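First the structure, then my questions, so here it is.
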Amino acid sequence: MTDVARFVQDHPYQLLYALIGLGVLLVINEIRHAAEKAAIRRAFLRPAAPAVAGLPAAVPVAAAPNRSAGTWGGVLLTGLLIGGGLYVLPSLLGQNGQGAAAAPVASALTNGTFRGAGTSPVGSADLTLEVDLLGSPRRVVLVTSLGTFWMRGEVVPESTGTYLSGDLIDANGAAWGTMKAHVTPTRVTGTAGAGPLQWQLDLRR
């Protein structure tokens with residue numbers, strides 16, 4: 001389950017977009033069902049044809065029950081369950097996962113320079129991440145075409161490396177964005193950026 005929590009924490013906006021798309025599909029489906037049920041109810045509520053002599057009168061048929069309230073309640077419940085799963089589960093797993101459940105190893109903390117590309121919905125950029133986790137204080141610096149930013153946050157040892165999570169601060173001390181990255185001795189993956197316009201990191205030593 002740690003992998004699930006890690007994926008959710010690294011891709012929050014992609015999951016949000018997926019939820020929005022799912023919600024739109026559910027709403028369209030429920031509207032279609034409501035229209036079909038309304039047509040059936042109108043058909044049942046039409047006045048019966050007059051009885052013809054010699055033929056038995058038609059037996060009145062009860063109108064179909066209105067279940068639109070139940071269907072919309074199901075949509076709301078589904079949305080609450082999905083939202084709760086995406087926001088509550090990662091926070092719970094974050095207390096026992098993300099390296100906390102993994103035994104810290106001596107090689108988890110490292111230092112070095114990682115270079116590569118960051119991709120985002122608006123394009124790609126060349127990025128450099130300078131990591132010094134063995135010094136005191138620990139230092140994490142992201143160099144981009146927009147400037148140089150320092151990470152202020154958590155450094156959590158994992159069984160395969162180190163998990164970085166925190167705010168990106170510029171030279172004036174203003175928060176510019178966030179970073180959530182997994183650092184191994186040879187590679188850095190994760191996200192860094194502001195809001196939905198975040199870079200997907202693929203940096204190597």
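Tell me, what is the FRET efficiency for R41 and L16 to the nearest 0.05, using R0 = 41 angstrom and their Cβ-Cβ distance as r?
Calculated transfer efficiency: 0.65.
Quick one: with all protein chains in place, what share of the accessible area of segment 110-205 is carbon or sulfur, to the nearest percent (1.4 Å probe)?
Carbon and sulfur: 50 percent of the exposed surface of segment 110-205.
Right, another one. Going by amide H atoms built from the backbone, whose H comes under 5 Å of the H on T128, apart from near neighbours?
Correct list: V143.
Let me ask something else. Simple spin-label model, 7 Å along Cα-to-Cβ: T110 to D170 in nm?
3.1
The values are calculated or read from the model by the stated rules, or taken from the named source; none is laboratory data. Not measured: the values here are computed from a predicted model. FYI the Cβ positions are ideal-geometry reconstructions off the backbone, even for glycines, and counts take in every protein chain you see. Just so you know, the surface numbers come from the protein's heavy atoms only, side chains and all, with ligands and any DNA or RNA stripped out. Shrake-Rupley method; radii C 1.70, N 1.55, O 1.52, S 1.80 Å.
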